[in-house]
Amino acid sequence: MPTHADKLFINIAQLVTPLRLGMHRGGEMAQVRVIPDAALAVRSGEVVWVGTRQDWRGQVSEVIDLDGRAVVPSLIDPHTHAIWAGERLDDFEARAQGASYEEILARGGGIYHTIRCTAQASVEELVALACPRILHLMRSGATTIEVKSGYGLTPEAELKILEAIAQLPAAIARQGGVPTDIVPTLLIHVPPREGREDYLRAVCHALIPEVARRRLARAVDIFIEREAFSVQEAEQVLRAAKAHGLDIKVHADQFHAIGGVELAVRLGARSVDHLEASGEVQIRMLASSSTVATILPGVSLHLGLPPAPARALIEAGAAVALGTDLNPGSSPLFSTQLAMALAVRLNRLTPAEVLVASTANAAAALGLIDRGALVPGARADFLVLSSPDWRDLPYTLGGQIVDAVYLSGERAV
Ligand code: NIG
Ligand code: FE
């Protein structure tokens, strides 16, 4: 028990947290700690103690009464494409009339349309378009948000998008919020219609080295799919990323299981994301690896894809994380909280599993070890809900269940 804290948050009806920081696999995902009538002590932005109110013995500078509401760790959204220009409403309407996402992509629309619109936008315009999207995610409870590039088809265009991502925290702070943590990823999304080999050469020998040198991204991601990159092409890109000290991630098995998971596991990716088309082989492979399986139920809902087999992944012993995949084409989902709610319904996660998927395991998917659980030593990033029962967080569809968001012990939105 610490002798002194800066702040003691009291009158917490329930404090609910994963048992520890770091990746939780299989049955561990169901084990959360629920402390009734709890208190939370914070010093220098870190959690120093949690327990029942009556057990706190130390001194504090400030006591904050949370009015009998529930507290959970703030959410971590490990997969978004929150920066783009233009819209995809024609695709939306065409799909409602029967066209498929892949057909639209194959004829040069979809992602290619967003790439053309994004090419027209300046860095300032991209920042202005992305800020309100990030603020929506923050209001839904996310304080650490990964943002991918990927709507550039040339190294210069990807660099412009990464420069815009780098400006997001300061821009959000200017809009009255607290600068949230943005984790940038370089996404190699779709190949140019011509000159594919030259493009890949430029990515491996110019773009990745420059991104690593300027620290514009922590990780490199690639879309492995029939309409995007092959396993062989992805291997070149991911090996170049590793050689430059960057983490690797893969968009795999969204429509077809063509070997993306196998490659990601073999190369030691932090995460493989999507998995809607994964089967037994991929599930077993993920369960015996330290690669996180990130599911994106917004895509299943929006595109009508089968939900990723999250139950089977957990039962096999894999670590499952959850993201919104916020993007204009496959998942216009502006709420990390709603992603949790969807994962319970579509992927059949339990409330406890989905909390771990959105906190400790989402942190692991980003290689972050200082957040995702309310335990001593962790960053004091937490949510105060409008309910005394934390299960309202994955239960609620719409409405505003998150009352307050705290980042390093300071109130944000
Ligand atoms: O994660 N599948 C590839 N990329 C994104 C969609 C991007 C878009 O449609 O604009 C995804 O689903
Ligand atoms: Fe994605």
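Which of (1) touching a residue at least 12 places away in the same chain (Cβ under 8 Å); (2) open to solvent by 40 Å² or more (accessible area, probe 1.4 Å); (3) not hydrophobic (A, V, I, L, M, F, W, C) is the odd one out, the single condition residue 399 does not satisfy?
Among (1) touching a residue at least 12 places away in the same chain (Cβ under 8 Å); (2) open to solvent by 40 Å² or more (accessible area, probe 1.4 Å); (3) not hydrophobic (A, V, I, L, M, F, W, C), residue 399 violates only (1).
Out of 173, 166, 94, report the one residue that is out of contact with any strand residue (DSSP E or B) (no Cβ under 9 Å at 6 or more places or on another chain), away from ligand 1 (no atom under 16 Å from the Cβ) and part of a helix (DSSP H, G or I).
Among 173, 166, 94, only 173 is out of contact with any strand residue (DSSP E or B) (no Cβ under 9 Å at 6 or more places or on another chain), away from ligand 1 (no atom under 16 Å from the Cβ) and part of a helix (DSSP H, G or I).
Please go through the range 115-141 and pick out each residue that is within 16 Å of ligand 2 (Cβ to nearest atom) and out of contact with any strand residue (DSSP E or B) (no Cβ under 8 Å at 6 or more places or on another chain).
Selection gives 115, 118.
Among the residues of the range 192-211, are any outside the structural domain of residue 407 (by TED's automatic domain parsing), of a type outside the set (A, V, I, L, M) and either under 23 Å from the mean Cα position of the chain (by Cα) or open to solvent by less than 10 Å² (accessible area, probe 1.4 Å) (or both)?
Scanning the range 192-211 turns up no residue that is outside the structural domain of residue 407 (by TED's automatic domain parsing), of a type outside the set (A, V, I, L, M) and either under 23 Å from the mean Cα position of the chain (by Cα) or open to solvent by less than 10 Å² (accessible area, probe 1.4 Å) (or both).
For the range 343-369, which positions are more than 17 Å from residue 308 (Cα to Cα) and part of a loop (DSSP other than H, G, I, E, B)?
359, 366, 367, 368, 369
Hey, which of the strands (runs of 3 or more DSSP E) in the range 218-337, taking only ones fully inside, have at least 1 residues that are surrounded by fewer than 18 Cβ atoms within 10 Å (Cβ to Cβ) and outside the structural domain of residue 129 (by TED's automatic domain parsing)?
none
How do the pairs read when you match residues in the range 338-362 that are charged (D, E, K, R) with residues anywhere that are open to solvent by less than 10 Å² (accessible area, probe 1.4 Å) and part of a helix (DSSP H, G or I), using Cβ under 6 Å and keeping only pairs 6 or more apart or on different chains?
Taking only residues 6 or more apart or on different chains, the pairs are 353/29.
Of everything in the range 142-161 that's farther than 30 Å from residue 356 by Cβ and in contact (Cβ under 8 Å) with a residue 60 or more places away in the chain, which residue is nearest to ligand 2 (Cβ to nearest atom)?
The extreme case among them is 151.
Scan the range 390-397 and give yes if some residue there is basic (Lys, Arg) and either farther than 19 Å from residue 74 by Cα or not assigned by TED's automatic domain parsing to the domain that holds residue 30 (or both), otherwise no.
No, there is no match, as no residue in the range 390-397 is basic (Lys, Arg) and either farther than 19 Å from residue 74 by Cα or not assigned by TED's automatic domain parsing to the domain that holds residue 30 (or both).
Residues of the range 1-31 being among the β-branched types (Val, Ile, Thr) and in a strand (DSSP E or B), which ones?
10, 12, 16, 17
For the range 8-22, give me each residue that is buried (at least 20 other Cβ atoms within 10 Å of the Cβ) and either at positive phi or not β-branched (Val, Ile, Thr) (or both).
8, 9, 14, 15, 18, 21 - these are the residues of the range 8-22 that are buried (at least 20 other Cβ atoms within 10 Å of the Cβ) and either at positive phi or not β-branched (Val, Ile, Thr) (or both).
The values are calculated or read from the model by the stated rules, or taken from the named source; none is laboratory data. Because the structure is predicted, anything quoted here is derived from the model rather than measured. All Cβ positions, glycine included, derive from the backbone under ideal geometry; neighbour counts span all protein chains shown. Surface accessibility is based on the protein's heavy atoms, side chains included, excluding ligands, DNA and RNA. Shrake-Rupley method; radii C 1.70, N 1.55, O 1.52, S 1.80 Å.
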